[in-house]
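Working notes, beginning with the structure itself.
No value in this document is a laboratory result; all are computed from the given coordinates. In this text, all values refer to a predicted model and were calculated from it rather than measured experimentally. Neighbour counts are summed over all protein chains in view; Cβ atoms, including those assigned to glycine, are modelled from backbone coordinates with ideal geometry.
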Amino acid sequence: QVKLQQSGAELVKPGASVKLSCKTSGYTFSTSYMSWFKQIPGQSIEWIGMIYAGDGGTGYNQKFKGKATLTVDTSSSTAYMDLSSLTTEDSAVYFCARFGQVQLFYVMDAWGQGASVTVSS
Amino acid sequence: DIQMTQSPSFLSASVGERVTLSCKASQNINKYLDWYQQKLGEAPKLLIYNTNNLHTGIPSRFSGSGSGTDYTLTISSLQPEDVATYFCLQRNSWPWTFGGGTKLELK
């Protein structure tokens, strides 16, 4: 079955960068889309952006341009998200989710378990 | 950006009760509306996609409806395992945006 396994919790200092991973299995990664999301605990969810593993093409929420960079490694079926110049406002749980085809539609039908990022000195 | 407003923010209901959650978009989203259930400490789980399509494995007590700017998630008979926060998501245009959520608890 489709599985998305995210990397573990991160504690990072302000100004630093962090790279989160999302390792997939159970489907053809190289022709799929992956979306990333941010959720501050107790709050709603924000869409960060999406990447197509076939050619690395990306689309970002304007709010996260310059903050997040999405990449993929098709040889390991893994998606990555780099977060740069971290501040306390970046402390959140980050989710990856497959944007896959269900019947005639594309939806986020499988999610990673989430990765907590805490930015603190 | 399209603003999504969910109501109520908090709902307390009894087991077996019919529950209706609402989601209103700031503009027409052409039925590109999904519903997610999120339990504490877990990832969101897709319930309904494109307004009224029940995702695989989701109990039939969940249903969705709506059009234009107004959408509804209905639980026909509330079960204890339905305690969670429910989010709507519009995918009509980028950036995709979520509602603020409805927290559903048992009375």
Does chain B classify as rounded, prolate or oblate by the C-alpha gyration tensor (a ≥ b ≥ c root eigenvalues; a/c under 1.5 gives rounded; else a/b over b/c gives prolate, otherwise oblate)? prolate
Any of A:K13/B:K45; A:K13/A:K63; A:K63/B:K24 with alpha carbons more than 24 Å apart? Name them for me. A:K13/B:K45
What does the convex hull of the alpha-carbon atoms of chain A project to on average, in nm²? 7.5
Can you tell me which lysines have their Cα less than 17 Å from the Cα of A:K23? Leave out same-chain residues fewer than eight positions away. A:K3
Please report, in whole Å, how far the alpha carbons of region A:1-71 spread along each principal axis, starting with the longest. 36, 25, 25
Pairwise FRET efficiency - A:S121 versus A:K65, Cβ, R0 = 25 Å, nearest 0.05: 0.45
Sites A:Y106 and A:Q1, calculated FRET efficiency, Cβ-Cβ separation with R0 30 Å, nearest 0.05: 0.95
Label model pair B:K103, B:T56: point-to-point distance (7 angstrom along the Cα→beta-carbon line) in nm is 3.4
Dividing the surface of the Cα convex hull of the protein assembly as shown by four yields a projected area in nm² of 12.2
Which aspartates and glutamates, on any chain, are close to A:K19 with Cα under 19 Å apart, when same-chain ones fewer than 8 places away are left out? A:E10, A:E46, A:D73, A:D82, A:E89, A:D90
